[in-house]
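One structure is given here, and the rest of the page talks about it.
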Amino acid sequence: MLTLHFAPNSRAGRIVWLLEELGLEYDLNRMDFHPKDLKSDAHRARHPLGRVPVLDDGDIRMWESGAIVEYILARYTDGALKPAVDSPLFPQYLQWFHYCEGMVMPPMNTIVVQTILLPPERQSKEALDQATRLLTRALAPINETLEGKDYLIGDFSAADVMLGHSCFMSNRFGCVGEELTHLRAYVERIEARPCFQKAINT
């Protein structure tokens with residue numbers, strides 16, 4: 001049985017979403033997104049930095065969300081939610097799968113730090129403004145690629161689990177402008193998926 005160590009409003013939501021989309025059974029260890037849980041001795045024994053997600057699969061333990069997604073697809077599906085390696089869509093799938101952590105999440109992390117994690121006296125408007133500009137620029141190519149498509153490579157895939165979750169969070173922070181019409185519609189489609197709703201409300 002897979003066990004997912006989870007806290008709400010974090011990257012761990014991607015893994016719940018994926019497990020639900022695939023219909024896999026799993027146990028959930030739900031923690032608060034708070035140092036009392038994440039920085040506890042028990043959780044630091046699972047993750048050296050006290051973060052989530054952490055996936056346990058028997059003797060195997062993993063704690064990078066992208067690696068967890070790839071592991072689950074490889075170990076528990078027969079090619080589900082990703083194109084075959086020889087498909088012309090495979091390079092696009094890889095690009096958008098990794099675009100999430102490479103381009104979207106770095107400025108998003110800064111926004112979270114500057115608006116939520118730091119006390120007001122330590123927040124930097126300059127750092128926040130710079131991160132917001134970087135995130136806006138990073139979202140523009142996603143908007144362009146979604147023109148005429150429901151999902152990033154056409155059909156729903158694990159790239160949408162990775163990047164779509166980040167687009168949802170970007171929208172929550174008010175960073176998806178009205179001009180990004182394709183991206184806004186994409187976020188609405190993601191929010192309408194029952195498995196996403198379960199993940200985000202866990």
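Please determine, by comparing only the residues of the stretch 18-52 that are crowded, with 17+ Cβ neighbours inside 10 Å and basic (Lys, Arg), which one is farthest from Thr3 (Cα to Cα). Once the filter is applied, the top-ranked residue is Arg51. When residues in the stretch 173-187 are screened for being under 17 Å from Thr145 (Cα atoms) and either aliphatic (A, V, I, L, M) or within 16 Å of the chain's Cα centre (by Cα) (or both), 6 of them pass.
For Asp155, the conditions (1) in contact with a helix residue (DSSP H, G or I) (Cβ under 6 Å, 6 or more places away or on another chain); (2) closer than 16 Å to Leu89 by Cα are fulfilled apart from (1).
Table: residues versus (1) in contact with a Cys (Cβ under 7 Å, 6 or more places away or on another chain); (2) aliphatic (A, V, I, L, M); (3) buried (at least 19 other Cβ atoms within 10 Å of the Cβ); (4) part of a helix (DSSP H, G or I).
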position	(1), (2), (3), (4)
Trp96	no, no, yes, yes
Val104	no, yes, yes, yes
Pro107	no, no, yes, yes
Val113	no, yes, no, yes
Ile116	no, yes, no, yes
Pro141	no, no, no, yes
Lys149	no, no, no, no
Val161	no, yes, yes, yes
Gly174	no, no, no, no
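Put simply, of Leu89, Leu94 the only residue that is within 23 Å of Thr145 (Cβ to Cβ) and more than 18 Å from the chain's Cα centre (by Cα) is Leu89.
Bear in mind that the values in this text are calculations on the coordinates, not laboratory data. Since the structure is predicted, the reported quantities are computational estimates derived from the model, not experimental observations. Glycine also receives a Cβ, built like all others from the backbone with ideal geometry; neighbour counts cover every protein chain displayed.
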